[in-house]
Amino acid sequence: MDQRDLELIAKYGEADPELKSLYEEHVAFEKILDKMEGKPFLTPSETTELKEIKKKKLTGKTRIETLLMKYRKAEDQ
């Protein structure tokens, strides 16, 4: 996410619990993925888990992007 997105999240996150929750979840998924991808070897179950987390992260990021688009429009007016 770019700096403007992070600023919008900081500005509107308190008033928008969905945005705040999605961002916190996104950060948590990032940490998990970094840890898992740092391993030299993943078991088949870890590989499956990694794929599921990536899907959840992408779904959340898409929703965050939709919310941020609304706030960008509001600020540009």
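I'd like to verify a number: residues in region 37-64 that are within 24 Å of Asp2 (Cα to Cα) and either in contact with a Gly (Cβ under 8 Å, 6 or more places away or on another chain) or among the aliphatic types (A, V, I, L, M) (or both), how many? Residues meeting the conditions: 3. Reported count of residues in region 18-44, each being within 18 Å of Lys55 (Cα to Cα) and β-branched (Val, Ile, Thr), is 2. Look at region 13-27: where a residue is free of Cβ contacts under 8 Å to residues at least 24 places away in the same chain and a partner is open to solvent by less than 90 Å² (accessible area, probe 1.4 Å) and not in a helix (DSSP H, G or I), sitting 6+ places away or on another chain with Cβ atoms under 8 Å, you get Lys20/Gly13.
This table checks each residue for (1) surrounded by fewer than 12 Cβ atoms within 10 Å (Cβ to Cβ); (2) in a loop (DSSP other than H, G, I, E, B); (3) out of contact with any helix residue (DSSP H, G or I) (no Cβ under 6 Å at 6 or more places or on another chain).
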site: Lys20; (1), (2), (3): no, no, yes
site: Val27; (1), (2), (3): yes, no, yes
site: Glu30; (1), (2), (3): no, no, yes
site: Lys35; (1), (2), (3): yes, no, yes
site: Lys57; (1), (2), (3): no, no, no
site: Gly60; (1), (2), (3): no, no, no
site: Ile64; (1), (2), (3): no, no, no
site: Met69; (1), (2), (3): yes, no, yes
site: Ala74; (1), (2), (3): yes, no, yes
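The values are calculated or read from the model by the stated rules, or taken from the named source; none is laboratory data. On a predicted model such as this, the values are computed, not experimentally measured, just so you know. All Cβ positions, even for glycine, are placed from backbone atoms using ideal geometry, and neighbour counts span all protein chains on display. Side chains are part of the model used for accessible areas, which takes the heavy atoms of the whole protein and leaves out ligands, DNA and RNA. Shrake-Rupley method; radii C 1.70, N 1.55, O 1.52, S 1.80 Å.
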